[in-house]
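The values are calculated or read from the model by the stated rules, or taken from the named source; none is laboratory data. Just so it is clear, the structure is predicted and the values come from calculations on it, not from any experiment. No Cβ is skipped: glycine too gets one built from the backbone with ideal geometry, and neighbour counts run over all protein chains shown. Protein only, heavy atoms only, side chains kept; ligands, DNA and RNA dropped before computing areas. Shrake-Rupley method; radii C 1.70, N 1.55, O 1.52, S 1.80 Å.
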Amino acid sequence: MWWLQFVAKKLDKRLSDLGATAVVEKGLGDDQHPSGYEAALDPWLSSLWSRLNEIKPHFFPKGPDFLVSNEELIGLPKFQVTYHNVDDIDSRLSTATDFKYLQMQIGRARSMSSGKVPHEKCKPDAFLKMVKNFPLTRASHEKDVRHFEFEFVSQVIKYEIGDVLEVLPSQSPAAVDSFIQRCNLDPESLITVHPREMENRHIDNNVNTLDVPIKLRTFVELTMDVTSASPRRYFFEVMSFFATAEHEKERLQYFASPEGRDDLYQYNQKERRTVLEVLEDFPSVQMPFEWFVQLAPPLKNRAFSISSSPLAHPTQVHLTVDVVSWTTPFKRKRQGLCSTWLASLDPEQSIYIPVWFHKGLLPPPPPSLPLIVIGPGTGCAPFRGFVEERAVQSQSGTIAPTLLFFGCRNENNDFLYRDFWFSHSENDGVLSEAKGGGFYAAFSRDQPQKVYVQHKMQEQSERIWNLLCEGAAIYVAGSSTKMPSDVMVAFEEIISKESGAPRESAVRWLRSLEKAGKYHVEAWS
């Protein structure tokens, strides 16, 4: 939402420069706030109505707090569902291969989704089949990090190290069926979905089958996240209109009000209640399917850094995935949709996984470029691909030195890819001293005083400085909490110490590296 704040600030400044006087102070929302942008919007609107009422009381003959009835506010849903009576929905695709059929079916469903983003590819680039699934952490450890290996089963897509793989997760079939049954829908009915305002319609040029009907159940399972994501506040407001039990209607109206925002946060976001769970808590609500199409959270692709090199594995893609799970304040067990689904897959099964390939924030470095890479935890994933790539390149040419800093909690519990790093640190490997490289691991919980990657960097201060003087590029990947800034501070201290220059000069030098495209960060929450 930062770009909207930028527009608001710029407009506010321009109006002030022209001599305008603000009715109320500008309001800036934060979509990352636990209660969403409404946390700032509610008090701002209240102050706006009150101020306008002071200026022109006749604007609000019944007072600024008077509420317009839902019947006048709710209007029509933005999407329209058309039901079809077609004997064979696949008649236009009768000559398609299995993968072509799956690709077109996914493309058809997602091109009609309310969550469709303009210029986003609806059809997957390829399908993968899992061939390996094994844990990288001890079974007793609190985290479950997995290594997945996939084979291309449709066309082979050329990718590069540092690229990102997007996966369309599969929802629980039983949960999807429960949602459809709860909403009194026919899963076999054939539908097309399109915006009520046709001028807002965005059509994927790669999908020319928008008007081909699709089964309702297929549309739900491919586009509507009814089993893992929590609905927004407006969902509760619309539900209140369709509640027939008075106590349910009152509670939903309260949740949708500014006064009920904090209680809604505790009930909904903190507990990560799903669309299905919310509907089960309010059994009198019978909402038309068009409203669910508009208001259910869209089923989003999940993005993962690729942890393999296409030179080392021309027909495969590898991922390093933290299987997400947590406990809510009310002791409800929650799991990440995509990571848990991937972890549950048996490589012996023939499950076709739809995927999209994208450029990441870590461009592939040429073999002649010295590297200093920092990847604690699953942040090491892309750098596993970097090392594999350089190992292949070293067989036919010279490679520049690579220093790699890895961090985890315990050496015995979550030392991801231990044998891999050690094998490339020996016998003239990519990370060996013979090649000018090095591998350094920090185990934060194995001693009374915590040790992180930045501490290991300080220990190798001279080596880092020497590589920087040789033109090395810096790559950082991992958690977006404190790690990237702590690593930046460590580099500032190392440069200042080794060069004898003041800290301000070190900061400017690092900024120049960023501008030159030699300081790259890929961080995620």
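Expressed as cubic angstrom per residue, what is the convex hull volume of the alpha carbon set of region 452-514?
Details: hull volume 5.1 nm³, N = 63.
Spread over its residues, the Cα hull of region 452-514 gives 80 Å³ apiece.
By the gyration tensor of its Cα atoms, with a ≥ b ≥ c the square roots of the eigenvalues, what is the shape of region 100-245: rounded for a/c under 1.5, prolate for a/b over b/c, or oblate? Don't skip to the end; give the middle numbers.
On the way: a/c = 2.02, a/b = 1.30, b/c = 1.56.
In terms of gyration-tensor shape, oblate.
Enter the angle in degrees (range 0 to 90, nearest 10) between the Cα long axis of helix 38-55 and the first principal axis of the Cα atoms of the chain, meaning the one along which they spread out most.
Between the helix axis and the principal axis of the chain, the angle is about 50 degrees.
By the gyration tensor of its Cα atoms, with a ≥ b ≥ c the square roots of the eigenvalues, what is the shape of region 387-442: rounded for a/c under 1.5, prolate for a/b over b/c, or oblate? Display every interim value, and only then the final one.
Details: a/c = 2.67, a/b = 2.17, b/c = 1.23.
In terms of gyration-tensor shape, prolate.
Once phi is turned into θ = phi - 60°, what whole-Hz ³J(HN,Hα) does the Karplus curve with 6.51, -1.76 and 1.60 give for every residue of region 158-163, x standing for Gly and Pro?
Listing the rounded values in order: 7, 10, 10, 4, x, 6 Hz.
Give the carbon-plus-sulfur fraction of the accessible surface of region 366-525 in %, rounded to a whole number; probe 1.4 Å, heavy atoms of protein chains only.
On the way: 3370 of 7100 Å².
Solvent-exposed carbon and sulfur of region 366-525 make up 47 percent of the total.
Compute the acute angle (0 to 90°) between the alpha-carbon long axis of helix 483-499 and the principal axis of greatest extent of the alpha-carbon atoms of the chain; round to the nearest 10°.
Rounded to the nearest ten degrees, it is 30.
Can you give me the long-range amide H partners of Gln80? Hydrogens built in the peptide plane at 1.01 Å from N, cutoff under 5 Å, separation of 5 or more residues or another chain.
When sequence neighbours closer than 5 places are left aside, the close amide H contacts are His194, Arg196.
Taking only Cα atoms, what is the 0 to 90° angle, nearest 10, from helix 173-182's long axis to the longest principal axis of the chain?
For 173-182 against the chain, the angle is about 20 degrees.
Might you report the magnitude of the Cβ-based charge dipole of the chain about its Cα centre, with Lys and Arg at +1 and Asp and Glu at -1, to the nearest 20 debye?
Working: 58 positive and 67 negative charges, 166 e Å.
Here the size comes out at about 800 debye.
Accessible area, 1.4 Å probe, largest first: how do Val24, Val275 sort?
Values: Val24 35, Val275 0 Å².
Output order, biggest surface exposure first: Val24, Val275.
In sequence order, what are the phi-derived ³J(HN,Hα) couplings for region 222-236 according to the Karplus relation 6.51 cos²θ - 1.76 cosθ + 1.60 with θ = phi - 60°, rounded to whole Hz, with x for glycine and proline?
Computed from phi, the couplings for region 222-236 are 9, 10, 10, 7, 9, 10, 9, 8, 8, x, 8, 4, 4, 4, 5 Hz.
From the Cα gyration tensor of region 360-462, with a ≥ b ≥ c the square roots of its eigenvalues, which class applies: rounded if a/c is under 1.5, or else prolate if a/b is larger than b/c, or else oblate? Spell out each step's value before the answer.
Details: a/c = 1.82, a/b = 1.77, b/c = 1.03.
Prolate.
Just to confirm, what accessible area per residue do you get for region 214-312 at 1.4 Å probe, in whole Å²?
On the way: 3720 Å² over 99 residues.
On a per-residue basis, region 214-312 sits at 38 Å².
Determine the per residue accessible area of region 330-375 with all protein chains present and a 1.4 angstrom probe, expressed in square angstrom. List each step's numbers first, then the result.
Values: 2290 Å² over 46 residues.
Dividing the accessible area of region 330-375 by its residue count gives 50 Å².
Can you compute 3J(HN,Hα) from phi for each residue in region 509-525, using the Karplus curve 6.51 cos²θ - 1.76 cosθ + 1.60 with θ = phi - 60°, rounded to whole Hz and x for Gly and Pro?
Once θ is set to phi - 60°, the couplings for region 509-525 become 5, 5, 5, 5, 4, 4, 5, 7, x, 10, 9, 10, 10, 10, 10, 9, 8 Hz.
For Asp414, what accessible surface area do you get with a 1.4 Å probe? Give it in Å², rounded to 10.
20 Å²
In Å, what Rg and Dmax follow from the Cα atoms of the chain?
27.1, 85
Quickly estimate the mean residue ellipticity at 222 nm for the chain, helices only: each DSSP H run with n ≥ 4 gives -39500 (n - 2.57), and the total goes over all residues, rounded to 500.
On the way: 18 runs with 182 residues, N = 525.
Using -39500 (n - 2.57) per qualifying helix, the result is -10000 deg cm²/dmol.
Could you tell me which of the pairs Lys435/Lys515; Lys121/Lys158; Lys100/Lys121; Lys123/Lys270 are separated by over 23 angstrom between their Cα atoms in the structure shown?
Details: Lys435/Lys515 28 Å; Lys121/Lys158 17 Å; Lys100/Lys121 15 Å; Lys123/Lys270 34 Å.
Among Lys435/Lys515; Lys121/Lys158; Lys100/Lys121; Lys123/Lys270, the Cα-Cα distance tops 23 Å for Lys435/Lys515; Lys123/Lys270.
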